[in-house]
Structure formats: structure tokens, C-alpha cells
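Everything below concerns the one structure shown next.
The values are calculated or read from the model by the stated rules, or taken from the named source; none is laboratory data. Just so you know, these numbers come straight off a predicted model, no measurement behind them. Cβ: placed from backbone, ideal geometry, glycine included. Neighbour counts: every protein chain shown. Protein only, heavy atoms only, side chains kept; ligands, DNA and RNA dropped before computing areas. Shrake-Rupley method; radii C 1.70, N 1.55, O 1.52, S 1.80 Å.
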Amino acid sequence: MVANSVDRAKVIFGNEIDTADYEKACKGKEKYARRFGDDSNTVYHLRAEEAPVIGKHLGVRWLRPAEPGSDEVFDMAADAAAAPVASTTPKTISEVQGKPLVVGNIRMGFGHYRISMAIASAAHALGFVPYWFDLCGFPESTCSKLIEHQNNLYSMGSRVSQKVGAFNALYWEPLNSEGFRKLTYNSGDQKNAELMVPIFRDLPKDVPYVGTHAWPAQAAVHAGMTHVVNAIPDNWPMALHLAEGSRHAVQTPSAYQGYKMLRGMDKKRQLKPMPEGSLFYTGHYIDHELVSNIEADCAARRARLHGGCPIRYLVCVGGAGAQQDLIRGIIEHVVPLAERGEATLLVNVGDHIDVWDALAKSVPALSRAKTHFDDFTELENLVSEPGAPKLDGIHAFGYTDIFAAVYSTNLLMRHTDVLVTKPSELAFYPVPKLMIHRVGGHEAWGAIRAAEIGDGTYELQKLDEITAMMDAFQQDRSLVSMMCDRIEEANAHGVYNGAYRAVLLAAGLWPGE
């Protein structure tokens, strides 16, 4: 049963969903309830433990299912009070120090985990105790089963879209740019979110809560939580990301305008806009460690670029396994540069070490790479010296643990000159970026944002475009140092302060601008 009496699938920001679409949403919920079970009367209790990797770095407590048979209600306030006191930072607010904040997320690719880490990092720096609440982490629940099913479908679609051009052009791109944009899509998700409520029962209703995907935000609202922020990831407005009843945070001014007007979310009518107090422009969601070191990291890049050092390229391979052919072509282009000492190649395959095996088999020169697999302490030591002088030649990184897999990119990008990435969540990070072909039409606007700020390139869709840009970087290093200039300019205007503001918004300490 939904914890709140409002049917958020029937009327969305004052816009009524027609009867046929509403009934379709209801039937979709019923279908999933039959398939995965209806556990609305099941009691799920929580426990907390230090999260791997980010527990040490960011003070994160990981919310897990309680031991089987436990009937003890989780006391978050007591757990937060017993947690180690965070070191103070210039951002610390004394009155919130030691209070809990929940980061609601899902394991769908790396993007939502990465944004969650940014929120947790900002919360930690401000003085909160961040709690990691992964809706995929309750395998017995209908909630986790439903999300896993959706994630599997999305991952499969991403992979096929990169291999079958017709599928990408005729189905995947339209779905990701226009299908998810429809207000009726949100209606269906709102109904499905009603099935996610049971795992929320131990959470205090008034604890500050930031959801880094619409589903955790929607579910929290349905569960009756009162301080919910929905941290919208994409720069392309889509109804998929709406969670009415929460405060919506967006990273860019163009996203603010698009969401405010619910732009294009119903082709047949002009929709009523989002009301005042429901939408906020916060800026990019970036980790405190990255924001607080922007000046130092840009200075180190300039010293390398203009001091004749190899240009460091960090290539991130998506967990869905998409774009492998394109990534292989990029690597084949950089390898000779690395072997001549003109470039450094860093390849992070995240938690898919099998992807590295496939790459190494297809690019024989990678057999000479220095591999760093499942030893996060080694990575910490590797980047601990100023400038990380041992990052030369070719390196490969991969970690079975998902927290290490995602956070490793955070450590590496501080010592990287150019991040090679598709325009997903990494498009918003304060590091020079070479944007390769998107996976899904909604990602295109991430590259547009980076290109407009000047901290990244425009989207380079073909291999010859990408390698030509790399050659230009090699010949004219000012192209990369210019991105550092733009990063510092954007930072001076607070562009990268979105994670702090999202946290403060959830805590009622930032009224918006």
C-alpha cells in the first residue's frame, strides 16, 4: 500500500494523465507484482556498516538488510552518533556535524553510483554522516527484483545499440531521447515505485534524503519521507526523472528551463509548468575532493603539458560493455604514442575485468601494460605523490568491488590530463574531457554543456574524428590547457558546487537562488 494518499501516477504537476495511459500504468504495476511478488506487508529491517573504500575516504555508512529473523528497528540517529567524527573542512557546518543524511541510489551502470559518491562526499565535507541506500541491495524484495530486471534490459539495449546501427537509429536513440521524455512514462514509473516502499520502513521520515535516480526519489516520497531531493542527472529534460513531492535539483540552466516548462513531455498539449519550490538549479554534482583541489590539479596539468611530459589519457570503459569497438580503436591509436613516451594511457574497466581481457586479446601491445587489478591500496599509493610520477606508459585498472571500481576513476582523474568518456555523468566533471559517441540520445546534451563551458570537447562520433582531436592535442597542448582555464573560470562561478547545494537543499539549509 502507498504510504501517501496522493496518486502521483494520475496527476503530475497539475497535468492529468488520460484514462487509457493511467490504466496502462496500473496494469504495468500489477504485472510486476505478479512477476516479482507483492511484499507490501513484509517487514524489512536495516543495519549499517562501513562501506568499502568510500567508508574510509568519505565516512559512508552502508545500509544493508538486517540479519534474517531480526525484529530490531534500525536506529539511525544512534548509529550516526556512534560513527567516527569527520575531520572539519572549510565547508563544515557545525550545527549539522554528526547528523545523518541518506543517499538513495540504484546500481544501474556507474553513473548513479558516481553521482551518489559526489553527494556523499559533499555531505561528509559539510559535516553529515552519509548513509548509502542502494535499492538494488535487498535481493529478497520486490523493489530490487524490479530494478534488476529494468537494469538488465537497459544494459542489453545499450550493448545492442552499439553493434546494430538500425536498432540504434530506429529504436534506442528515439527511446532514450523521446520515449523517456513522455509524461506518461513517469506515470508508469510512479506506479512501479509504489512497489518499492517496504524497504524504506526503518528510515526516519524527516531525515535529509538525496535520490540520485528518480526511482529512489519517487519511492522515498511514496514512503512518506519529507525532506527528499531528486538529483536529476541528465541535461536533456525527460519525464523519466520527475519525482513529484520531492525537490528537483538540476545541474544546468538549460535543464532548469526545460524541466520548469516540462518541455516536450506531451506532444499533444502545452503542459502546466512545475510550481515554485519544486525545482532548483544547483550546479554540477562533483565530489568535495575534486572541487577543493581544482586549482592545484589544473596547475599540475599545465606543468606537465608545457613541461614536455607525456599527455595522460584516461579511458573509461562502460560497465554495460558498449562501445568496445570504438574504445579498441582509440587504444590502438594511443599505444604507439605511449610507447614513444609522448602519451600515457590509463584504461579503467571498472568492475568488468573481462572487458580488459577482450581488449588485450585484440590489441597485442596491451600485454605489456602494467595491470592494477583488485588492489585499491596500490592505486592509492600510486597517486599519493604529487603529480603521480609513476603513471607513465600503459596502465590498466579494474576492481571486483563496485565501490573501488567507481571511486578509482575519482582518484585517477585528478592526475589525468584528458578524460576520454562518453557524455554521461562524467561530462560534468572538472577535468579536460574528450567526448566520444553517446550511448542513448539523452547523453548528447551532456557534451553540449561541456563544449559550451569549454571544459570538454564537442561530441566526437567517429573514430577518425577522435584520433584527429588526439593528434591536435599532441601537436598543440594549449588546447588542453585552455580547458583548464575554463574549469577555473567555471569554478569561480560555483558551477561545480551542485553536490553541496543538493545536500543543503535536503537539509533545509539552502533556499535556492
Of the residues Ile394, Ile331, which single one is touching a residue at least 24 places away in the same chain (Cβ under 8 Å), out of contact with any Ser or Thr (no Cβ under 7 Å at 6 or more places or on another chain) and over 19 Å from Pro432 (Cα atoms)? Ile394
Could you tell me which of the residues Thr377, Thr409, Thr400 is among the hydroxyl-bearing types (Ser, Thr, Tyr), out of contact with any strand residue (DSSP E or B) (no Cβ under 7 Å at 6 or more places or on another chain) and part of a helix (DSSP H, G or I)? Thr377
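Would you mention how many residues in the stretch 8-63 are in a loop (DSSP other than H, G, I, E, B) and of a type outside the set (S, T, N, Q)? Walk me through how you get there before you give the answer.
At the first step, the residues of the stretch 8-63 found to be in a loop (DSSP other than H, G, I, E, B) are 8-10, 13-14, 17-18, 37-45, 51-53, 59-60.
With of a type outside the set (S, T, N, Q) added as a condition, the list becomes 8-10, 13-14, 17-18, 37-39, 43-45, 51-53, 59-60.
Qualifying residue count, the stretch 8-63: 18.
Name the residues in the stretch 33-49 that are open to solvent by less than 50 Å² (accessible area, probe 1.4 Å) and within 30 Å of Val406 (Cα to Cα), would you? First the steps, then the outcome.
Filtering the stretch 33-49 down to residues open to solvent by less than 50 Å² (accessible area, probe 1.4 Å) leaves 33, 36-37, 39-40, 44-46, 48.
Correct list: Phe36, Tyr44, His45, Leu46, Ala48.
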Within the stretch 363-404, residues small (Gly, Ala, Ser) and exposed (fewer than 13 other Cβ atoms within 10 Å of the Cβ) come out as Ser367, Ser384
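Select, from Val503, Val418, the only residue that is touching a strand residue (DSSP E or B) at 6+ places or on another chain (Cβ under 7 Å) and over 24 Å from His112 (Cβ atoms). Lay out the reasoning, then the answer.
On the way: Val503 fails: over 24 Å from His112 (Cβ atoms).
After ruling out the rest, the residue left standing is Val418.
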When residues of the stretch 50-101 are filtered for being open to solvent by 40 Å² or more (accessible area, probe 1.4 Å), farther than 13 Å from Ala123 by Cα and among the small types (Gly, Ala, Ser), how many remain? 6
For the condition more than 20 Å from Ala249 (Cα to Cα) and modelled with pLDDT of 95 or more, what is the one hit in Ala123, Ala80? Ala80
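Conditions (1) under 17 Å from the mean Cα position of the chain (by Cα); (2) crowded, with 24+ Cβ neighbours inside 10 Å; (3) among the basic types (Lys, Arg); (4) at pLDDT below 95, marked per residue:
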position: Val221; (1), (2), (3), (4): no, yes, no, no
position: Leu242; (1), (2), (3), (4): yes, yes, no, no
position: Gly245; (1), (2), (3), (4): no, no, no, no
position: His248; (1), (2), (3), (4): yes, yes, no, no
position: Gln251; (1), (2), (3), (4): yes, yes, no, no
position: Tyr256; (1), (2), (3), (4): no, no, no, no
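Out of the stretch 209-235, which residues are touching a Lys or Arg at 6+ places or on another chain (Cβ under 8 Å) and assigned to a loop (DSSP other than H, G, I, E, B)?
Residues satisfying the conditions are Ala223, Gly224, Met225, Thr226, Asn235.
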Check Pro423 against each of (1) part of a helix (DSSP H, G or I); (2) open to solvent by less than 10 Å² (accessible area, probe 1.4 Å); (3) modelled with pLDDT under 95; (4) not basic (Lys, Arg) and name the one condition it does not meet. (1)
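Can you find a residue that is touching a Cys at 6+ places or on another chain (Cβ under 8 Å), modelled with pLDDT of 95 or more and either farther than 30 Å from Tyr171 by Cβ or in a strand (DSSP E or B) (or both) anywhere in the stretch 432-439? Lay out the reasoning, then the answer.
Restricting attention to the stretch 432-439, the residues satisfying the condition of being touching a Cys at 6+ places or on another chain (Cβ under 8 Å) are 432.
Applying the additional criterion that residues be modelled with pLDDT of 95 or more yields 432.
Of the ones still in play, those that are also either farther than 30 Å from Tyr171 by Cβ or in a strand (DSSP E or B) (or both) are 432.
Yes; the residues of the stretch 432-439 include at least one that is touching a Cys at 6+ places or on another chain (Cβ under 8 Å), modelled with pLDDT of 95 or more and either farther than 30 Å from Tyr171 by Cβ or in a strand (DSSP E or B) (or both).
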